Amino acid sequence: MDSAESPLMPMRSGAATTAADCCGASAQHIYSPGAIVAALQSGGPAATAGTAAGDSIEAIAGKSISSADDVATVLATLSVGQKVTVTFTSQDGARSTVTVTLGRLAAGKGRDADIAGAASATELAARQLELARAYARYQALLGEAGLIDFGDQVSLALRLLRESPAARQELERRYRYILVDEFQDTNQSQAELVALLAAGHRNVTVVGDDDQSVYRFRGAAISNILGFRERYRRSRLVVLRRNYRSRSGILAASHRLIRHNDPDRLEVRAGISKRLRAERPDPPAGRRTSAVRHEAFATGSDEADWIAAEILARVGAGACLADHAVLVRTNAGAEPILRSLNMAGLPWRFSGASGLYARPEVRLLLGFLRTVADLASSVDLYGLAAGEVYGLHGPDLTSIVNAARRRNRSLWDVLEELDRQPGVLRISADSRSRVTQLKSLRNSPS
């Protein structure tokens, strides 16, 4: 497009103007065929004539249009400077016409490239618009349900600090010293949240390592840690180089590997040394292991089988089972390895702890919180009723659940009905007592 042209993008539905207003305005601008293709294919009525996003193109320069290909075909036959009429048909059948002037455009292949490029850009714009509409609907559904997602925890807090000076002042007073761990994994919103909280006192400490930044796919911005000293010019840099876990051989190998990321690393940009020093002494010469090796495998199963075979060979050569360890990043990553060890007849002990939310006491607490927040959550209520706190087991609980299913009611509705109409279900006196205790959740503060 010519540099003087304005980009034509779809307007939001409902942001339309009258066709008469836009006819006069559009005639003052010079558009290339590619620009018109982009406008028309990406909801051109909204961009060119200002009509609603659901309108369609009926004709260009008197030529009938039934597809995007027709648009490109017609525009390719027009001359520079030619005035072109474009006719639109709205969803309710009303017609409107706008006149535009084709601007300067290179002939031949340039014209084809311009049209193809506009079509590509238009497709991308349409995808982004679809995502935006889906996200808007998603946010509306969250609002209707009174819920927020992980991203909202940050974005809503950030909006509060930006828009409410009183809230910002109160939080600054409450949190006088701020410490942020894993700062290299923060995104722009999280870094801005920290900056606003520390704006008054500037008592902020961050701990991070750009070499451990693994969440870029989730929006993490390494620029946060690289730019921290620019934002806080009086800050003091402390490089933590002592390593208490590994011996020198492993540290040396890891340093050689990570240097392939130069010159984008903080070590190079800031002119500091991050090479780790091992605090653990190396074993005696007779007990030293071989250098670090890198083994590549086509599948995870191949890797697991190799690990089992390697350990089996070492044990056969006189090594102790207790001298071998396999480190995995997640608990799920251990499953194929454990299977291979079993098939090789090697005993093992898995020391990975289950996640916090899998612990029984945490699951019980979350069940209470979800039930108090939403008494109609039958799944959570059933978990509490059948758990050790209330102990509503056996045929009585089954009868209550079946009654709820038959009547298409929530479990809580059936429990309340048992109070109003004791004869609606036959359950024991002990179970009725437990139901009464369970119903005390209604009086819990939400």
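The values are calculated or read from the model by the stated rules, or taken from the named source; none is laboratory data. Just so we're clear, the structure is a prediction, and the values are computed from it rather than from any experiment. Glycine also receives a Cβ, built like all others from the backbone with ideal geometry; neighbour counts cover every protein chain displayed.
So here's what we get for this one:
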{"quantity": "Flag for residue 217 being of a type in the set (Phe, Trp, Tyr) and exposed (fewer than 12 other Cβ atoms within 10 Å of the Cβ)", "calculated": "yes"}
{"quantity": "Some residue of the stretch 155-175 being aromatic (Phe, Trp, Tyr), part of a helix (DSSP H, G or I) and closer than 30 Å to residue 213 by Cα", "calculated": "no"}
{"quantity": "Residue within the stretch 198-219 that is at pLDDT 90 or above and among the basic types (Lys, Arg) present", "calculated": "yes"}
{"quantity": "Tally of residues being farther than 21 Å from residue 178 by Cβ, part of a helix (DSSP H, G or I) and within 19 Å of the chain's Cα centre (by Cα) across the stretch 205-227", "calculated": "3"}
{"quantity": "Residue list for the stretch 408-442, filter: in a helix (DSSP H, G or I), over 16 Å from residue 378 (Cα atoms), of a type outside the set (Ser, Thr, Tyr) and in contact (Cβ under 8 Å) with a residue 24 or more places away in the chain", "calculated": "434, 437"}
{"quantity": "Every residue from the stretch 152-186 that is surrounded by 15 or more Cβ atoms within 10 Å (Cβ to Cβ) and under 18 Å from residue 202 (Cβ atoms)", "calculated": "161, 168, 171, 172, 178, 180, 183, 186"}
{"quantity": "Residue tally, condition crowded, with 17+ Cβ neighbours inside 10 Å and in a helix (DSSP H, G or I), over the stretch 373-407", "calculated": "12"}
{"quantity": "Pair list, Cβ under 9 Å, 6 or more apart: the stretch 380-391 residue assigned by TED's automatic domain parsing to the domain that holds residue 361, other residue part of a loop (DSSP other than H, G, I, E, B) and small (Gly, Ala, Ser)", "calculated": "381/410; 385/391"}
{"quantity": "Subset tally (residues that are loosely packed, with under 10 Cβ neighbours inside 10 Å, part of a loop (DSSP other than H, G, I, E, B) and among the aliphatic types (A, V, I, L, M)) for the stretch 311-357", "calculated": "4"}
{"quantity": "Flag for residue 423 being out of contact with any Asp or Glu (no Cβ under 9 Å at 6 or more places or on another chain) and farther than 20 Å from residue 367 by Cβ", "calculated": "yes"}
{"quantity": "Residue list for the stretch 201-252, restricted to those being in contact with a helix residue (DSSP H, G or I) (Cβ under 7 Å, 6 or more places away or on another chain) and free of Cβ contacts under 8 Å to residues at least 24 places away in the same chain", "calculated": "235"}
{"quantity": "Single condition residue 295 does not satisfy, out of (1) under 27 Å from residue 336 (Cβ atoms); (2) of a type in the set (Asp, Glu); (3) surrounded by 13 or more Cβ atoms within 10 Å (Cβ to Cβ)", "calculated": "(3)"}
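Quick grid of which residues meet (1) acidic (Asp, Glu); (2) crowded, with 16+ Cβ neighbours inside 10 Å; (3) at pLDDT 90 or above; (4) out of contact with any Phe, Trp or Tyr (no Cβ under 9 Å at 6 or more places or on another chain):
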{"residue": "227", "(1), (2), (3), (4)": "no, no, no, yes"}
{"residue": "238", "(1), (2), (3), (4)": "no, no, yes, yes"}
{"residue": "253", "(1), (2), (3), (4)": "no, no, yes, yes"}
{"residue": "260", "(1), (2), (3), (4)": "no, no, yes, yes"}
{"residue": "267", "(1), (2), (3), (4)": "yes, yes, no, yes"}
